[in-house]
Amino acid sequence: MNSVLPEYAELHCLSNFSFLRGASHPGELVERALKLGYRALAITDECSLAGVVRAHRVAKEKGLPLLIGAEFAVEAEPPFRLVVLACDREGYGNLSEFITRLRRASPKGSYRLRIGDIEPSALDDCLLLWVPDRAAEFDALSSQGRWLRSAFPGRAWIAVELLHAVDDKVWLQHMRDLGECSGLPLVAAGDVHMHLRSRRKLQDVLTAIRVGKPLTECGVALYPNAERHLRSRLRLGRLYPPDLLRATLDIAARCDFSLDELRYEYPQEVVPAGQTPQSHLRHLTYEGAKRRFPGGISEKVHKQIEEELKLIGELEYEKFFLTVHDIVTYARSREILCQGRGSAANSTVCYCLGITEVSPEKTTLLFGRFLSKERNEPPDIDVDFEHERREEVIQYLYDKYGRDRTALAATVICYRMRSAIRDVGKALGFDLQTVDRVAKNHQWWDARQAIEARLREAGLDPQDLGAQQWLSLTLQLLDFPRHLSQHTGGFVISRGPVSRIVPIENAAMVDRTVIQWDKDDLDTLGLIKVDVLALGMLSAIRRALEFMSQRYGWRHTMQDIPQDDRETYDMICAADTVGVFQIESRAQQSMLPRLQPRVFYDLVVEVAIVRPGPIQGGMVHPYLECRRKGEPVHDLKDELKPALARTLGIPIFQEQVMQIAMIAADFTPGEADQLRRAMAAWKRKGGLGPFHDKLVGRMKKNGYDPEFAEAIFRQIEGFGEYGFPESHAYSFALLAYVSSWLKRHEPAAFLAALLNSQPMGFYSPSQLVQDARRHKVEVRPVDVSHSDVQAALEYVPRAPAVRLGLETISGLSKVAMARIVAARYERPFENVADLAQRAALTVGDMKRLAAADALASLAGHRRQQLWEAAALRPTTALLADAPIHEQQLLLPEASEAEEILVDHAVLGLSLRRHPMALLRPELNKRRMLSSAQLRELPGGRHTRTCGIVTVRQQPGTAKGTIFVSLEDEDGTINVIVWRHVRERFRIPLLRSRLMAVHGQWQRQSGVQHLIADRLEDWSHLIGTLRAESRDFH
Amino acid sequence: MAHWLALIPKSSSLVSTDAPGGSQQQAIGWWALQFTPRVTLCEDAVLLELAASERLFGGKAALRKRILKEAEPFDCAARAWAPTGMGALALARGGVRNGFAGPLQDLLDALPLRTMSRVAAERPLLARLGCRTLGEVRRLPRAGLSRRCAPEVLKALDQAYGEETECHLWLELPERFDARLELPGRTESVAALMQGARHLLTQMAGWLAARHAGIRHFTLHWHHDGQRARAAGPGGELTIHTAEATRDVEYLGRLLHERLNRTGLKAPVSDLVLCAPEPESLTAGNASLLLEASLQREPLHRLLERLSARLGPEHVRRPQLVADHRLEAMQIWHPATAFQPSTTATTGVPVLPQPSWILPEPLPLAVHQEKPVYGGVLELLTGPHRMEGGWWDQRELDGRVIGDLTRDYYVALSPQAGLLWIYRHRVVRQGDNWFLHGVFA
């Protein structure tokens, strides 16, 4: 049967990376082409190579020859489409550069190509398929054809695309004539937009979204039929003459390029003249080692360094390490705090180079996890920088290597539930209100299946045809790429122009360019990137250290923080960690009292255990149990001990799971590596299935408990994108420890540093200030006579107190703040008029200061301040210096409620009583307990409480449970809302600012929470506070 | 005692450039001139001073009753009577209708700050000083307040409380009606343009009311804007004639709309001017709709309107071409009097042979030896022309829902019926598979 079918290669095929045109993923196209027995497939997205790596990945795995190309809409008379295919590496580079030029010359996401701009030599080593315009006159076509033939001799074809139009036969004859008079050969092509005919509806919807009209108004913008799919060879054989089909094979045979040929080199300039990369890296490593180990380098470390250098040399990664070292050195020279994260922390060389902070003396580094010869994949070095200063580092990179050699990796923005609902709904012609209602009702906790319920809520019948179409098309559209955005910090830096490896295009941000591939694509091709990331906590730590240096008179660094401090661990064990790095979240806080971290390694475990992997793998309780008993699991097999002994026999870290796969399920290192990749990507792409049988099956065969095997697999699934390798947890734990120590021993410096590094972390300034005050830190209000621009420490009369900065005042300009501080340093302000005059403040500035109660030292209570501030209207020059004497007006002081509310409105926090304290008498009447009363309450009691909602959270691992945090004058109350309660009290849960909760109080080994069974929205009480506050007479 | 009325029109997004407020406000102002010459446009309101007119209109109560009745069509958002104009305005905003119900000072003292715009402008300051009402503001020391607030605050308060005389610029009625309106955005749609035109018409009707008059003709000018304006010229104009003098906004609007629909717009329009040169005193109108001899000169649209009225709108229809792949969706029939959609996409229709006649409903064909038959066995000349679409279309056209179509069309030759446009379902179903859909003439 197969022999009678014609051979065919599809040469004109768009994937969904031709945004809002293609209706199939690249992988789907490849798999379908293979199934149909195509000899080859070209992916030719419009002016883009963004989808080719994904196609390459599947094509390579399944063994289909893949051609790399792109399609262009050419502006000419008549206009036409041009498909360009790369013959070899050189042609690929040309194509990539060609796309780069077009993309860089147009705003994000667009391009323009005029026929006059096509320089034939720019497309050397490429083949061209000309898709003529069916509506054009023959004469115009024949002159276009002649131009193509002379510009691209022997490299251009006429693509004949027969898609079941009534005039197909005529058109074919037309093309034969055109071929004859222009001298161009003919080839068959399919203008493919989807892998299966059944994607037609989705393709129509994409068209509607693209033209921005409902489908009913799209008219002929839609394709007349579904023929733009990968067609069977049987049908192609009936449609096309054999010579046109044969030509596809000739062209495919001339394109002999694979993305695997791409290699790129790191920049040369990181190696000084007279040095080789090898010698320079060795030199820097040992220099650094001397600094890291002032007492001398141990034999163990020495051996490790030599091993690493040898491997780095064999893999020729020296320049990569030198490049990262160069970035880190630059940051240090500008006193920008930075620290490597991720698997690089397993490297002693990285430690010596100052890239990472995990000492090989203190822990066992698994260098193999970072770099291994078998894996033959690029090392991954991620470095965190202070979030406010990362831009300096990025600009340094652009300056040093130039824009053609440095570019940011892309992030492919895909359709999410809400955007898919919205766009499909609009295309189907639902009115905007309905679309909005359904899309908004789709709350963040709703599972995909919940759309049906949402449709019903929005007044639609889910059985109705339109609603059904909405539902099914929305699900199809999910995860379709929508546009390219910039990656958070992954830089590609190369020796030559990046644009010959991958096209570069403009990002939305001015002066930013991104490549057309994302980090998975780079991974697939083994291309190296450096992650320049931003971390708020580093800014805060740097500032806290500066406060300490200022206070004690000598320069403090992170290395000066004492290790293994008992008091710090006591604090951590009590979950007293508001503001601290990583272990401040509610989930972490509820784990701390149970896990009781006592030494640094416990913190490493703590950081990694409150993650989806260990939670879904059911590893948390067994681990806590073992810790409680103080012994490892009793049936831990000897062979697993090297992998699991340090965590009491329970796998916590990603690499432990991989080790288990190798030891217990006979995975080769290669297979384990595939598993790791699949682990990282399955959330987005799926594909863990095949590993299940392999892993569980082999573990069972090797005598492991099936339950244990399944748990390991669940854990693998849970790692998803969030798996923490041990070294990464280690780096984070370092910051968690340092910030905890600061909180415990320098709470004032820590608070001021956090306030000055906002926005960051889990808690608002108001919550941070409340927490610090509960820890006896004195916080002083903003005042023009005392405050600097930022929060500062004051040492008299008692040291140290935190003085809030002028920047706390909303709406006050930076310039005004600076002038106030400068004028005060000359001499203190005498009165309000003196301030206004010397700091050259506008009436607006003055009113803002008064509203913030920041003139208290000059003008009495807040209303009095405002009365005085408002008197400073600009007067004529003549009168400007003449003081006006006005009789003192005594305004009644505002009520406490008003003061508190204005504080919150203007400053976002208040140093007066908590608003809940004002409501307390009313709440007592209603028998609501405060958080302080709850803390004394025995577990198991039914009770009720009320507080201001600060957080609503639904972790993916929680199966529909919502965690709500309430705040009152004494602290925080943690509420757990199970799914059934959530369903019943959806509206109060969503809307309440002030929430009353009835439920059962639970306390267990130091962890306390309220299990809700009824929720009420009491936000109106805040309203009464507001109303009362105005009745002051 | 002075006798003021404040009327606050509903706010409108359209802004007339020749008047201080919205055109509705202008219209009310002109209308109000029939009761008193002392009419002023103040902020968003119209203020009328009526003391001198009371006798002319049969006393205070009668005048009030008449004004309120005749103001009904304006559908005002708020109103109030008071001894001062500014006071009436504040009371209207505060929802107090009768400013004579108690001492004016007490009524005003209780009003919130927002009721006087001069005071409201200082609200951020005054509220934080603890003031909630006008009374509380007045209790602050006068000198201190004058230093801290714009001088207009005290002045406005004094005027409202009757402690200082108000001075207003009285509204004057122009001789000619000539009003300009800037559209909120450039538009090519007749419907959007009509919104603006209706505002101008309402304004004109107010002007006519003040003169107790109507018009026989008026002219609407529009100005093109944007890049295409160069090709399309600076703008256009339309003059509408009526048989009798009238100021019926509905009627004039309908005439204008119809004419605009037929004229069409060549480029986006940015602003409109409405001119009505010669008002005429109104006489009782002839409301007859019977066909009369004089109607022989009647333009087509009037004829269609009349025919539709007599035969029912669904029986007088006109076609619209639509760019669509589906034969039955390529033309839509509308009631002739219904307004045509402003955009008619006719470009982009594929240049393919189209049958001259289509059947109201495809006709199932008999099959003989697997070949369709219609006036003899059909010979398929060319095809298939594959047509798939309409799955999204649940609209009813001519009483039928087209729905999802998957058809292969052919041009077929019938020994007796000539060239035919026939199709069969792509996916073969049971029963009828071949259909006749159109005939090439």
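Computed values, structure above
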{"quantity": "Which listed residue, of A:PHE691, A:PHE732, A:PHE708, A:PHE762, is surrounded by 23 or more Cβ atoms within 10 Å (Cβ to Cβ), among the aromatic types (Phe, Trp, Tyr) and more than 18 Å from A:THR808 (Cα to Cα)", "calculated": "A:PHE732"}
{"quantity": "Matching entry among A:ALA135, A:ALA156, A:ALA165 (being within 14 Å of another protein chain (Cβ to nearest Cβ) and touching a strand residue (DSSP E or B) at 6+ places or on another chain (Cβ under 8 Å))", "calculated": "A:ALA165"}
{"quantity": "Residue selected from region B:371-403 under the condition of a type in the set (Asp, Glu) and within 14 Å of another protein chain (Cβ to nearest Cβ), by the criterion surrounded by the fewest Cβ atoms within 10 Å (Cβ to Cβ)", "calculated": "B:GLU396"}
{"quantity": "Boolean, B:ARG230 is charged (D, E, K, R), surrounded by fewer than 19 Cβ atoms within 10 Å (Cβ to Cβ) and modelled with pLDDT under 80", "calculated": "yes"}
{"quantity": "A:VAL620 being at pLDDT below 90 and surrounded by fewer than 20 Cβ atoms within 10 Å (Cβ to Cβ)", "calculated": "yes"}
{"quantity": "Residue among A:ARG551, A:ARG512, A:ARG542, A:ARG555 that is on the phi < 0 side of the Ramachandran plot and at pLDDT below 85", "calculated": "A:ARG512"}
{"quantity": "For B:ALA345: the one exception among (1) within 14 Å of chain A (Cβ to nearest Cβ); (2) modelled with pLDDT of 80 or more", "calculated": "(2)"}
{"quantity": "Which listed residue, of A:GLY22, A:GLY69, A:GLY91, is assigned to a strand (DSSP E or B), crowded, with 22+ Cβ neighbours inside 10 Å and at pLDDT 95 or above", "calculated": "A:GLY69"}
{"quantity": "Every residue from region A:138-172 that is of a type in the set (A, V, I, L, M), part of a helix (DSSP H, G or I) and farther than 22 Å from A:PRO120 by Cα", "calculated": "A:VAL170, A:LEU172"}
{"quantity": "Lone unmet requirement of (1) more than 17 Å from A:LYS108 (Cβ to Cβ); (2) at pLDDT 90 or above for A:LEU522", "calculated": "(2)"}
{"quantity": "Helices (runs of 4 or more DSSP H) within region A:805-877 that include 2 or more residues within 13 Å of chain B (Cβ to nearest Cβ)", "calculated": "A:832-838, A:843-851, A:862-870"}
{"quantity": "Residue within region A:192-201 that is facing chain B (nearest Cβ under 8 Å), in contact with a Pro (Cβ under 8 Å, 6 or more places away or on another chain) and under 19 Å from B:HIS385 (Cα atoms) present", "calculated": "no"}
{"quantity": "In region A:94-124, residue surrounded by the fewest Cβ atoms within 10 Å (Cβ to Cβ) [restricted to those that are closer than 26 Å to A:ALA140 by Cα and hydroxyl-bearing (Ser, Thr, Tyr)]", "calculated": "A:SER121"}
{"quantity": "Number of positions in region A:171-190 that are touching a Ser or Thr at 6+ places or on another chain (Cβ under 8 Å) and either surrounded by fewer than 19 Cβ atoms within 10 Å (Cβ to Cβ) or farther than 15 Å from A:ARG228 by Cα (or both)", "calculated": "4"}
{"quantity": "Selection count where residues are assigned to a loop (DSSP other than H, G, I, E, B), within 14 Å of chain B (Cβ to nearest Cβ) and in contact (Cβ under 8 Å) with a residue 40 or more places away in the chain, scope region A:224-251", "calculated": "5"}
{"quantity": "Members of region A:167-198 found to be charged (D, E, K, R) and either out of contact with any Asp or Glu (no Cβ under 9 Å at 6 or more places or on another chain) or under 15 Å from A:TRP130 (Cβ atoms) (or both), listed by number", "calculated": "A:ASP167, A:ASP168, A:LYS169, A:ARG176, A:ASP177, A:GLU180, A:ASP191"}
{"quantity": "Filtered residues of region B:117-128 (kept if more than 8 Å from every other protein chain (Cβ to nearest Cβ) and crowded, with 19+ Cβ neighbours inside 10 Å)", "calculated": "B:ARG118, B:VAL119, B:GLU122, B:LEU126"}
{"quantity": "Identity of the residue in region A:889-898, surrounded by fewer than 19 Cβ atoms within 10 Å (Cβ to Cβ) and within 23 Å of B:LEU145 (Cα to Cα), that ends up modelled with the lowest pLDDT", "calculated": "A:LEU889"}
{"quantity": "Residue that is nearest to the chain's Cα centre (by Cα), among those in region A:56-67 that are in contact (Cβ under 8 Å) with a residue 60 or more places away in the chain and more than 16 Å from A:THR524 (Cα to Cα)", "calculated": "A:LEU67"}
{"quantity": "Single residue of region A:191-201 satisfying the filter (crowded, with 20+ Cβ neighbours inside 10 Å and of a type in the set (A, V, I, L, M, F, W, C)) that is nearest to the chain's Cα centre (by Cα)", "calculated": "A:MET194"}
{"quantity": "Some residue of region A:272-283 being within 14 Å of another protein chain (Cβ to nearest Cβ), assigned to a helix (DSSP H, G or I) and without any contact (Cβ under 8 Å) to a residue 24 or more places away in the chain", "calculated": "no"}
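Here is a yes/no grid of residues against (1) buried (at least 16 other Cβ atoms within 10 Å of the Cβ); (2) of a type in the set (Gly, Ala, Ser):
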site	(1), (2)
A:GLU392	no, no
A:THR406	yes, no
A:VAL435	yes, no
A:VAL438	yes, no
A:ALA453	no, yes
A:ASP464	no, no
A:THR474	yes, no
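Table: residues versus (1) under 26 Å from A:GLN469 (Cβ atoms); (2) within 12 Å of chain A (Cβ to nearest Cβ); (3) surrounded by 19 or more Cβ atoms within 10 Å (Cβ to Cβ).
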{"residue": "B:GLN354", "(1), (2), (3)": "no, yes, no"}
{"residue": "B:GLN369", "(1), (2), (3)": "no, no, no"}
{"residue": "B:ALA417", "(1), (2), (3)": "no, no, no"}
{"residue": "B:HIS425", "(1), (2), (3)": "yes, no, no"}
{"residue": "B:ASN433", "(1), (2), (3)": "no, no, no"}
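Results for (1) part of a strand (DSSP E or B); (2) touching a residue at least 24 places away in the same chain (Cβ under 8 Å); (3) among the basic types (Lys, Arg), shown as yes or no for each residue.
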site	(1), (2), (3)
B:GLU164	no, no, no
B:PRO174	no, yes, no
B:ALA179	yes, yes, no
B:LEU183	yes, yes, no
B:ALA197	no, yes, no
B:GLY206	no, yes, no
B:ARG216	yes, yes, yes
B:HIS221	yes, yes, no
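One line per residue, one yes/no per condition, for (1) over 24 Å from B:TRP4 (Cβ atoms); (2) more than 14 Å from chain A (Cβ to nearest Cβ):
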{"position": "B:GLY102", "(1), (2)": "no, yes"}
{"position": "B:GLY130", "(1), (2)": "yes, no"}
{"position": "B:ARG142", "(1), (2)": "yes, no"}
{"position": "B:LEU145", "(1), (2)": "yes, no"}
{"position": "B:THR187", "(1), (2)": "yes, yes"}
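The values are calculated or read from the model by the stated rules, or taken from the named source; none is laboratory data. Just so it is clear, the structure is predicted and the values come from calculations on it, not from any experiment. Note: ideal-geometry Cβ built from the backbone for every residue, glycine included; neighbour counts use all protein chains shown.
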